[in-house]
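Here the structure comes first, spelled out in structure tokens, and everything after it is commentary.
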Amino acid sequence: MDIKTLNIPLPEDLMKLKWNGQFDLLKEMIDIRVKKDIPLQLKERLLLEKEIIDDLKREYIYTRDEAIEILKDKIRDFQESEFDELFKESAFEFIFEEGIMKFKNDFYDNLIKTRKAYAQRHKEEISYANYELLDQVITKMKEEGELSYKIHVKVALKIKPEYEKIGKVIRVWLPIPIEYAQVEEFHIIKTTPEATLINDSHTNHRSVYFEVPLEHNQEFSVEYEFINHSIYQELDANIVTDEHPDCCLDEKLPHVVFSPYLCALVKEVVKEETNPLLKAKKIYEYITSHIMYSFVRQYVTLPPIPEYVATGLKGDCGVQAILFITMCRIAGIPATWQAGLYATPHEIGNHDWARFYIAPYGWLYADCSFGGSGYRNGSKLRRDFYFGHLEPFRIPSACEFQCDLNPSKQFLRRDPYDHQTGEVEYIDELIPQDHYEMTQSIIEIKESH
């Protein structure tokens, strides 16, 4: 499937069916349409849409009444009128399925994460240990200029028993860190079973790859450790120059597109500023103050992402990162992707952020979602820090947006743009994402001296 065809709009009649949630009829009409003499690119776009539909349906599971009952159960004194006000504030992700409004499976977690007033009314205690750790680590980095942590984790993938096809050849890609930037002394401790291939560090989406006949109750896993060595330096706009590498400046369909709206937005945000560092900072400050963090559906189901987030004014770490990258490129600042896992002694999970180039400093970091969290929670320390820097809790397994796996996957990837949770397929058959489970486990994370 050619992901770039997502820039081609669906025919209006099919789009109406999609957003009214008439998915079965939409599939039938796509099957009819692709048999006709239509442009090849349009045919590819329609076939891609057919693959996307099931992912779209899978994430939206609660009716309005069910969502309200969950909120009443978990939040003290929650009233139905509050739900309506939150809906008007665009606090909930929803679609229609056969004309019925359905809300996203993680709508409650999203509300608690992004709206402090509701987190305070949550019936169970919420830990803020991660924020406390970040404040301590950031303060220490600013004092000492650098900090290293040894990170030892295990990631694993397993087909659910009811979906096993014993003896059938299965292909599995598990992400591992790329040895560059902040990653030092990486080594694999163990793979189960023995890996078929381990990508080198020149692979943009780096993996341990398995290709074996599937056994009953088989787990595919990789355990590794490395040192994350992160640097802090005060950034001085007075010594910045216009020099930069001739890379990471172009459009990349279907998402990194210099649309008239985005070009106008960059002009509005940057104004007459010419200093590259200050231009990047204006873009960062705009995103962290105007884009509300919000979980989104699978990226493969999204329209062109930078416009999606710049018009909807909400989105998760990845869509904020790709908006920052696109706006920087429009402003003439090289910018690129870095993503993988965020792992501290308290938690581990998927995360995305950006890198941008400023001479004489070289490649710097921008984490708009962490910076936005600092802004919303009144932490100038965190908001300022995440423009230019990262703490040493990152596991980067992707150094570019929208790249091939090695070896290439035959069927549509769970995430064609990123590489955090791994990918899997049978040799001749797609495996839906609800047929398997991924786990990410912290074994040890400690400061390294």
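The values are calculated or read from the model by the stated rules, or taken from the named source; none is laboratory data. Given the structure is predicted, the values throughout are model-derived calculations rather than measurements. Ideal geometry is used to build each Cβ from the backbone, glycine not excepted, and the neighbour counts take in all protein chains shown. Please note that ligands, DNA and RNA were not included when accessible areas were found on the heavy atoms of the full protein model with its side chains. Shrake-Rupley method; radii C 1.70, N 1.55, O 1.52, S 1.80 Å.
Quick look at the values:
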item	result
Selected residue (criterion: nearest to Gln218 (Cα to Cα)) from residues of the stretch 151-195 that are of a type in the set (Lys, Arg) and either more than 24 Å from the chain's Cα centre (by Cα) or open to solvent by 50 Å² or more (accessible area, probe 1.4 Å) (or both)	Lys158
Residues located in the stretch 101-123, provided they are modelled with pLDDT of 95 or more, aliphatic (A, V, I, L, M) and open to solvent by 10 Å² or more (accessible area, probe 1.4 Å)	Met101
Residue tally, condition part of a loop (DSSP other than H, G, I, E, B), among the β-branched types (Val, Ile, Thr) and more than 29 Å from Arg355 (Cβ to Cβ), over the stretch 181-207	1
Qualifying position, being buried (at least 19 other Cβ atoms within 10 Å of the Cβ), touching a residue at least 60 places away in the same chain (Cβ under 8 Å) and part of a strand (DSSP E or B), among Phe226, Phe210	Phe226
Gln338, sole failed condition from (1) in contact with a Lys or Arg (Cβ under 7 Å, 6 or more places away or on another chain); (2) surrounded by fewer than 24 Cβ atoms within 10 Å (Cβ to Cβ); (3) within 24 Å of Ile445 (Cα to Cα)	(2)
Enumeration of residues in the stretch 376-425 that are of a type in the set (Ser, Thr, Tyr) and under 30 Å from Lys446 (Cβ atoms)	Ser379, Tyr386, Ser397, Thr421
Selected residue (criterion: nearest to Tyr342 (Cα to Cα)) from residues of the stretch 119-164 that are free of Cβ contacts under 8 Å to residues at least 40 places away in the same chain and touching a helix residue (DSSP H, G or I) at 6+ places or on another chain (Cβ under 6 Å)	Ile126
Selected residue (criterion: surrounded by the fewest Cβ atoms within 10 Å (Cβ to Cβ)) from residues of the stretch 67-82 that are of a type in the set (Asp, Glu) and within 31 Å of the chain's Cα centre (by Cα)	Asp73
Within the stretch 256-324, helices (runs of 4 or more DSSP H) holding 2 or more residues that are more than 20 Å from the chain's Cα centre (by Cα) and over 27 Å from Met1 (Cβ atoms)	260-270, 276-290
Within the stretch 83-97, considering residues that are acidic (Asp, Glu) and within 24 Å of the chain's Cα centre (by Cα), the one surrounded by the most Cβ atoms within 10 Å (Cβ to Cβ)	Glu93
Hits in the stretch 221-242 (condition: within 23 Å of the chain's Cα centre (by Cα) and more than 30 Å from Thr139 (Cβ to Cβ))	Ser221, Val222, Glu223
Residue match in the stretch 383-406 (condition: farther than 30 Å from Asp236 by Cα and open to solvent by 50 Å² or more (accessible area, probe 1.4 Å))	yes
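So that you can scan it fast, the table gives a plain yes or no per residue for (1) in contact with a Gly (Cβ under 6 Å, 6 or more places away or on another chain); (2) more than 13 Å from Ile325 (Cα to Cα); (3) at pLDDT 95 or above; (4) among the charged types (D, E, K, R):
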{"residue": "Ile239", "(1), (2), (3), (4)": "no, yes, yes, no"}
{"residue": "His244", "(1), (2), (3), (4)": "no, yes, yes, no"}
{"residue": "Asp250", "(1), (2), (3), (4)": "no, no, yes, yes"}
{"residue": "Val256", "(1), (2), (3), (4)": "no, no, yes, no"}
{"residue": "Lys267", "(1), (2), (3), (4)": "no, yes, yes, yes"}
{"residue": "Val270", "(1), (2), (3), (4)": "no, yes, yes, no"}
{"residue": "Asn275", "(1), (2), (3), (4)": "no, yes, yes, no"}
{"residue": "Lys281", "(1), (2), (3), (4)": "no, no, yes, yes"}
